[in-house]
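The values are calculated or read from the model by the stated rules, or taken from the named source; none is laboratory data. What you see is a predicted model, and the numbers here were worked out from it, not measured in a lab. Every residue, glycine as well, gets a Cβ built from its backbone with ideal geometry; the counts of neighbours run over all protein chains shown. Protein only, heavy atoms only, side chains kept; ligands, DNA and RNA dropped before computing areas. Shrake-Rupley method; radii C 1.70, N 1.55, O 1.52, S 1.80 Å.
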Amino acid sequence: QSSLSQITWVFFSQQFCLLLGSCLGGVFKRTLAQSLLALFASSLAISLVFAIIPLCHNVVVLAVVMAVAGLAMGCIDTISNMQLVKIYQKDSAIFLQALHFFVGFGALLSPLIADPFLSDTNCILANGTANASSNLPHIRKSLVPHHPGNLSHYDLPMKGMVVTRVSYAFWIMALINLPVPIAVFFLLYKERMVPCLNGSSHPLLSADELALETRPGDKDELTSAAQRPPPAAGHEDLFSCCQSKNFRGASFTYFAVHITGALVLFMTDGIVGEYSGFVYSYAVEEPLAVVHKVAGYLPSLFWGFITLGRLISIPVSYRMKPATMVFINVVGVLITFLLLLIFSSSVVFLFVGTASLGLFLSSAFPSMLAYTEDILQYKGCATTVLVTGAGIGEMVLQLLVGSIIHDRGSYSFLVCGMIFGCLAFTFYALLVFFHRMYPKPSPELDEASPGKAAVPEDTGQYQR
C-alpha cells in the first residue's frame with residue numbers, strides 16, 4: 001500500500017547496491033576459495049530475499065531487502081565473468097557468450113513465471129476502484145524485465161483490503177534459485193574447501209584439462225606456471241587491483257584500454273536499459289499511437305531477440321574474434337537507429353528495428369569483456385571496471401532519456417539512441433587505437449624481470 005514514487009526508491013536502492021556489489025565482487029578474484037564462498041553466499045542471499053519480499057509490509061524494509069539483493073547480484077555478475085576469464089583465458093569468449101545467454105533467458109522467463117499471479121483486477125478492494133482497475137493492463141505492460149516504465153501518472157487506491165496472490169511468484173522464484181547455492185556448495189566440497197568435510201579425493205579438472213584446445217606448447221606453459229613459486233606476500237592483498245604500487249610503470253595505454261572499454265559498455269548497456277524501459281512509452285505516443293496491447297509486445301520482442309542473439313553468438317564466437325564481434329555490434333546498433341529515425345512513422349519497422357537492435361546488442365558485453373581481457377593478458381581487474389561501467393550506464397542513461405522524453409517529446413527517444421550509438425562507435429575506435437599502441441608482452445623477458453613493468457604486477461595465475 002505504498003505510492004509509486006515510494007516504490008521508485010526501492011528500485012533505486014537495488015540499482016545502487018548492484019553497482020556497489022559489482023565493485024565488491026572484484027575483491028574476491030584472487031583465489032578459487034574466495035570466489036566460490038562469495039558465490040555461495042550471494043546466490044543463497046537471493047533465494048532468501050525472494051522468500052522474504054512478500055513478508056515486507058513496509059516500503060523502507062523492502063528497500064533494504066532489495067538493496068541486499070542488489071549487492072548479491074552485483075557480486076555474482078563480476079565474479080562469474082571474472083572467473084570464466086581467468087579459467088579459460090583465450091577460450092573464455094565462448095563461455096562468456098553462454099553465460100550471458102542465460103542472463104537474457106532469465107530476463108525473458110521470469111516475467112512469464114510471475115504473470116499468472118498478477119491480478120487483472122485491483123489488488124486492493126475499496127470503493128470507487130473502477131478507474132484504477134482500468135489502468136492495470138497499462139501498468140502491467142509497463143513493467144518490463146528489470147526496468148519499470150513511467151507509471152507516475154496512474155492513480156491506485158491506497159486503502160482497503162489487500163487481495164493478491166503475487167507472493168506465490170516470489171516463493172516459486174526462491175525455490176527455482178535454490179539449486180544454485182547447492183551446486184556452488186558442491187563445488188566447494190569437491191575442491192575440499194568446506195571446513196568440516198574432507199571432500200572427495202579427486203578435485204575438479206585442472207586448467208590444462210579445461211582448455212578447449214590444448215596444444216603441446218600451451219601444456220608446457222601451464223605446467224611451468226604451476227611450478228612457479230607463489231607470488232610475494234604483498235601481492236596476496238585482496239585490494240591489489242586498487243593499490244597504487246601495482247600501477248607504477250604502467251603505460252597510459254593500460255588505463256586507456258580500461259576506460260574506453262568501460263565507456264563502450266556504458267553506452268551499449270545504457271541503450272539496453274533505456275530502450276527496453278521506454279520503447280513502450282514511445283510506441284503508444286504520437287505519431288505512432290500503437291494500441292497498448294500491441295505495444296506491450298515490444299519489450300518482450302527486444303529481450304527475446306537479445307536471448308536469441310546470445311544463443312547464436314556461442315558458436316559464432318568460436319570462429320570469430322571478439323574485436324570483430326564488437327565492431328559488428330556497434331555498427332549494427334548505429335545503422336538500426338539510423339533506419340529507425342528514417343522510418344519513424346512506420347509501426348512495422350519499429351518492430352523490425354526492435355528485433356534487430358536486440359540481436360546487435362546481445363553479444364556486446366561478453367565480446368567486449370573477452371576482447372579487453374585479451375589485450376590486458378587476463379589480469380582480471382578489467383572485468384570489475386567493465387561490469388561497473390556497464391551498470392552505471394544502464395542506470396544513468398535510463399534516467400537521462402526519461403527526463404529528455406518528458407521535456408522534448410517522444411521523438412527524442414530515437415535521437416538519444418542514435419547519439420549513444422555514435423558515442424559507442426567512437427569509443428570503440430579509440431579502444432582499437434589504444435590496442436595498437438599497447439605494448440606486447442615480450443616472451444624472452446623473465447616473469448620476475450623489472451623490465452616487464454608495462455602492466456601492473458599480477459601473476460594472473462589461477463590459485464586455489
* Structure fact -> Flagged in the stretch 293-324 as aliphatic (A, V, I, L, M), surrounded by 22 or more Cβ atoms within 10 Å (Cβ to Cβ) and within 14 Å of LEU359 (Cβ to Cβ), in numbering order, are ILE306
* Keeping to the stretch 333-356, report how many residues are without any contact (Cβ under 8 Å) to a residue 24 or more places away in the chain, of a type outside the set (A, V, I, L, M, F, W, C) and part of a helix (DSSP H, G or I). => 1
* Structure fact -> Considering the stretch 406-420, residues that are over 25 Å from the mean Cα position of the chain (by Cα) and either buried (at least 16 other Cβ atoms within 10 Å of the Cβ) or modelled with pLDDT of 90 or more (or both), and then whichever is farthest from ASN329 (Cα to Cα), we arrive at SER410
* Quick one: is ILE271 at pLDDT 90 or above and within 16 Å of the chain's Cα centre (by Cα)? -> yes
* Considering only the stretch 15-42, state which residues are open to solvent by less than 30 Å² (accessible area, probe 1.4 Å) and within 27 Å of GLN398 (Cα to Cα). => CYS17, LEU19, GLY21, SER22, GLY25, GLY26, SER42
* Asked: For the stretch 61-93, how many residues are of a type in the set (Gly, Ala, Ser) and touching a Gly at 6+ places or on another chain (Cβ under 7 Å)?
  -> 3
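In the stretch 38-84, what count of residues is obtained for those that are among the β-branched types (Val, Ile, Thr) and either under 15 Å from the mean Cα position of the chain (by Cα) or closer than 21 Å to ILE176 by Cα (or both)?
9
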* Taking the stretch 286-332 as the region of interest, how many residues are among the charged types (D, E, K, R), in contact (Cβ under 8 Å) with a residue 24 or more places away in the chain and assigned to a helix (DSSP H, G or I)? -> 2
* Asked: Residues of the stretch 385-397 being over 11 Å from the mean Cα position of the chain (by Cα), open to solvent by 30 Å² or more (accessible area, probe 1.4 Å) and of a type outside the set (Val, Ile, Thr), which ones?
  -> MET395
